[in-house]
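Notes for the one structure printed next.
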Amino acid sequence: MDDIKVLPADQKRRINTLRTIMLVLLPPIFFTRPGLPLPDLSIDVIENLGILLVIAGVLGRFWSILYIGNRKNASVMQDGPYSICRHPLYLFSTVAVLGFSLMLGSLLLAVVMTGLTFHVLNDIARKEETFLRAKFGADYDAYAARTPRILPRPRQFTTPRNVTFDVTTLRRNFFDALVFLSLIPLGEMTEYFKEAQAWPTFPLI
């Protein structure tokens, strides 16, 4: 296993793909309004649920980073969030996007945004695993056989009593957390301007 011919997945490509998807979705984000015939209370509940999911996504990413630290591609991490799925960072990123889409109040937009995000992250996870299987061989195959890729299996959760974390890695990922947290004021701002009829919008279920 010392002579690795397979290279790690291109993370820059993943980021650029997600940015492209977000740019494509900007028009429906800004120029649509909730089209479901729901009472104001129900809309508020959905919006607040969305905010909670964004926060849960950010906290989940930090939780995952605490475990993986600077050990990414150095060992087969199987503890904490990595015991319930193989790519918890991608799981919680998807959760945050789902939360943001719910804040927009459109069921169709929520399905499209979350579905596209999950598809891209699942694809990059599959490519990452080509490298991981080449590097760790049977150890990773055994881990993958019992642990789902992104959709979690909570009953499998295990963790040691003590976990060490890398401060530098946490600091480096702090910007990512701010990006996800910025979805909350972005969602609130777009709702405010739409209600003020600052620009034309059309209903979307």
* Mind checking the per residue accessible area of the chain for me, 1.4 Å probe, whole number of Å²? => 57
* Relative contact order of the chain, pairs being alpha-carbon contacts under 8 Å that are 6 or more residues apart, as % -> 37
* Thr169 versus Val45: modelled label distance in nm, points set 7 Å from Cα along the beta carbon direction -> 4.0
* Compute the acute angle (0 to 90°) between the alpha-carbon long axis of helix 107-136 and the principal axis of greatest extent of the alpha-carbon atoms of the chain; round to the nearest 10°. => 10
* To do: Using the charge dipole of region 49-137 (Lys, Arg: +1 at Cβ; Asp, Glu: -1 at Cβ; taken about the Cα centre), state which of Gly69, Phe118, Leu107 has its Cα farthest towards the positive end.
  => Gly69
* If you line up the Cα atoms of region 110-205 on their principal axes, what length do they span on each, largest first, in Å? -> 58, 32, 27
* Rough spin-label spacing in nm, given labels placed 7 Å along Cα→Cβ, for Phe30 and Arg146 -> 5.0
* What ranking do 136-149, 97-110 get when scored by the average of other Cβ atoms within 10 Å per residue, highest first? -> 97-110, 136-149
* Asked: Taking the C-alpha atoms of region 32-159, how large are the radius of gyration and the largest Cα-Cα span, Dmax, in Å?
  -> 16.9, 54
* With only Lys, Arg, Asp and Glu charged, each at its Cβ (+1 for the first two, -1 for the last two), find how big the charge dipole of the chain is about the Cα centre; round to the nearest 20 debye. => 660
* Structure fact -> Rounded to a whole %, the carbon-and-sulfur portion of the accessible area of the chain at a 1.4 Å probe is 66
* Asked: Does anyone have the angle between helix 183-195 and the longest principal axis of the chain? Alpha-carbon axes, 0 to 90°, nearest 10?
  -> 10
* **Among Ala134, Leu151, Phe193 the positive-end extreme of the charge dipole of the chain (Cβ point charges)** => Ala134
* Asked: Ignoring ligands and nucleic acids, what accessible area does Phe193 show with a 1.4 Å probe (Å², nearest 10)?
  -> 80
* Structure fact -> For Lys12, counting only lysines whose alpha-carbon sits under 29 Å away and dropping same-chain residues fewer than eight positions off, the answer is Lys72, Lys127, Lys135
* Helical contribution to [θ] at 222 nm, DSSP H n ≥ 4, -39,500 (n - 2.57), averaged over the chain, rounded to 500 -> -21500 deg cm²/dmol
* To do: Could you give the size of the charge dipole of region 101-182 about its Cα centre, using +1 on the Cβ of each K and R and -1 on the Cβ of each D and E, expressed in debye and rounded to the nearest 20?
  => 220
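The values are calculated or read from the model by the stated rules, or taken from the named source; none is laboratory data. Quick caveat, the model's predicted, so the values are computed rather than measured. Don't worry about glycine lacking a Cβ; one is built from the backbone with ideal geometry, like all the others, and counts go over all protein chains shown. All accessible areas refer to the heavy atoms of the entire protein, side chains included, with ligands and DNA or RNA removed. Shrake-Rupley method; radii C 1.70, N 1.55, O 1.52, S 1.80 Å.
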